[in-house]
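Bear in mind that the values in this text are calculations on the coordinates, not laboratory data. These figures come from a predicted structure and were not determined experimentally. Positions of Cβ are backbone-derived with ideal geometry, glycine not excepted, and every protein chain shown enters the neighbour counts.
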Amino acid sequence: MSHLFPMEKMLQEFDDAMRRIQRPKPVVSEPEAAGGRTGEILARFNLAKNPFVDTVNPDFFYRTDQHERAFFRMQVCAADHRAIGLVCGPSGTGKTLLSQLLLKQLDAEAFLPLVILCTPGMTKTALLREILSELEEETHSNKVHELLAVLHQRIMEEHNRKRRIVLLVDEAHFLSSDALHMIRTLSNLETPDEKLLTLILFAEERFLHRLSHRSYNSLRGRIALKTILRPLSALEAEQMLKFRVLVAGGRPDLFRSDTFEQLHRLGKGIPREICKLAYNALLEAYWLDQDQIDAELLVCSEAENW
């Protein structure tokens, strides 16, 4: 004989019934899935890792013709001992990944490449201190001429070792006016035979408009090589997605053929945006227990994408 009150009995029966219902699998957060590489979402699609993660992992970098060209031109900029190179493009087109490729692939015997990450409104003093910090040069001074003296001495030491310092200045559009003029000053460090330092700037397109002001005529004239990254074409976007899935160990048919054009249109050709949409669609496919990402899932993906 049951000792449960009617309400308690009803709740127990409800709980028992709910447990018998086959519910969708719980969603594993992206960091957990990608970090452990054995998460339920990735395993469901036979993926060893998240192919759409927004990191600077060069393994997932799909090099289009324009990226290959930009990489080649910036390599030449360093090898020819040019003062300044510039890579511009919309946010999410692969500028930071290019800087990482240069960091890893420039000959370590001939070059000392360093990534300098700019912050909004970075001053010339902050820029110099950041450069010295990356060079592991200790200094407690905040006087520009003293910081420059320490930097110049280190540049000469590397020059005497037949090694050239290459500064990969990421998010250069954040530099203040006085910091940009410091970039020009650094480009003037030279011997009678050559420039002693190469600076490669990576910036958003608005940086070009800023440089067009007459106050930057001198800096603009020192930019030896410039490359502009554009949004991907529809074919490039499709190839990028297939490449990333392949690198992650996934199936070639993860996307239905009719989804690529829509992903390109919704992401406006920007790799980062396309990958965000693809990941959201992957989550929807997992939640709905579908084997493929189709156009209908992209509608949900777009609705929940910024």
Reach of K49 by Cα under 27 Å, taken over lysines that are not fewer than 8 positions away in the same chain: K25, K95, K104, K242, K268, K276
Given 0.36 nm per residue, what is the gain on full extension from N188 to E296 after removing their alpha carbon distance, in nm? 33.2 nm
So what is the relative contact order of segment 65-228, in percent, for Cα pairs below 8 Å that sit 6 or more residues apart? 38 percent
Run the reach check for K124 against lysines, Cα to Cα strictly under 17 Å, same-chain hits fewer than 8 apart removed. What comes back? K143
At a Förster distance of 35 Å, what's the computed FRET efficiency of Q153 paired with E205, Cβ-Cβ distance as r, to 0.05? 0.45
Between the Cα axis of helix 234-247 and the main Cα principal axis of the chain, the angle (0 to 90°, nearest 10) is 70 degrees
Inter-label distance for R69 and W287, nm, one decimal - labels placed 7 Å from Cα along Cα-to-Cβ: 4.1 nm
Output needed for the chain: three equivalent-ellipsoid semi-axes, defined as square roots of 5 times the C-alpha gyration tensor eigenvalues, in descending order, whole Å. 50, 23, 18
Modelling each spin label as a point 7 Å along the Cα-to-Cβ direction, I'd like the S215/S177 distance in nm, to one decimal. 0.2 nm
Between T123, T96, T185, find the one with the highest GNM mean-square fluctuation for the chain; connect C-alpha pairs within less than 10 Å. T185
How much length is gained on full extension from D59 to E138, taking 0.36 nm per residue of separation minus their Cα-Cα distance? 25.0 nm
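Relative contact order for the chain: what percent, with Cα pairs under 8 Å and sequence separation of 6 or more? Intermediate results must be reported in sequence, preceding the final value.
Working: 449 pairs, mean separation 73.7, N = 306.
Answer for the chain is 24 percent.
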Pop out the ³J(HN,Hα) list for segment 164-178 in order, Karplus 6.51 cos²θ - 1.76 cosθ + 1.60 with θ = phi - 60°, rounded to Hz; leave Gly and Pro as x. 9, 7, 10, 9, 9, 8, 8, 6, 5, 5, 7, 5, 6, 4, 5
Sorted from largest down, what three extents in whole angstroms do the Cα atoms of segment 65-228 have along their principal axes? 39, 33, 28
